[in-house]
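Only one structure is covered here, and it is reproduced in the block below.
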Amino acid sequence: MHARGKRTRYTSVSTSQNAIRDFGEQLWKLTQPKVTDAGHIVISHEELLRALRTILEADDDRQRELAARAIPRVNRRKEALVDWQFAVDRIERKDRMVWAENQVREFFTRC
């Protein structure tokens, strides 16, 4: 995992350090048991690919286009996702990114 990307409730991780070296040299390792024990969801590489392939069969042209563009990247980077299940209702919207960063950090260690 490398600390960059779009701001979503997901964190992209990889099953291969070599597959994500293009993001930089500083890599972080996810402690997966700790993540699932805390109630968050890890979407495996295979599950992610299956979901994207299902979207390819949908009626929504925009979603199909996005899925078609995502599949090669997911394959190349051996990508999986963490779907964070934090309760953010009481956190001000403007403060959520900083708050989430502090919460997420405990699940990673530097490689």
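The values are calculated or read from the model by the stated rules, or taken from the named source; none is laboratory data. This one's a predicted model, so the numbers in the text were calculated from it and none came from an experiment. All Cβ positions, even for glycine, are placed from backbone atoms using ideal geometry, and neighbour counts span all protein chains on display.
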Pick from the range 4-40, criterion β-branched (V, I, T) and under 10 Å from the mean Cα position of the chain (by Cα), ranking: modelled with the lowest pLDDT: T8
Taking the range 76-87 only, how many residues are surrounded by fewer than 17 Cβ atoms within 10 Å (Cβ to Cβ) and touching a His at 6+ places or on another chain (Cβ under 7 Å)? 3
Which condition number in (1) under 15 Å from the mean Cα position of the chain (by Cα); (2) hydrophobic (A, V, I, L, M, F, W, C); (3) more than 20 Å from V104 (Cβ to Cβ) is the one that V82 fails? (3)
Specify which of the listed residues (R73, R62, R96, R69) is surrounded by 12 or more Cβ atoms within 10 Å (Cβ to Cβ), among the basic types (K, R) and assigned to a helix (DSSP H, G or I). R96
Filter result (in contact with a helix residue (DSSP H, G or I) (Cβ under 6 Å, 6 or more places away or on another chain), at pLDDT 95 or above and over 17 Å from T8 (Cβ atoms)) within the range 71-111: I71
How about the range 7-59: which of its residues are part of a helix (DSSP H, G or I), closer than 23 Å to M97 by Cβ and out of contact with any Phe, Trp or Tyr (no Cβ under 9 Å at 6 or more places or on another chain)? I20, F23
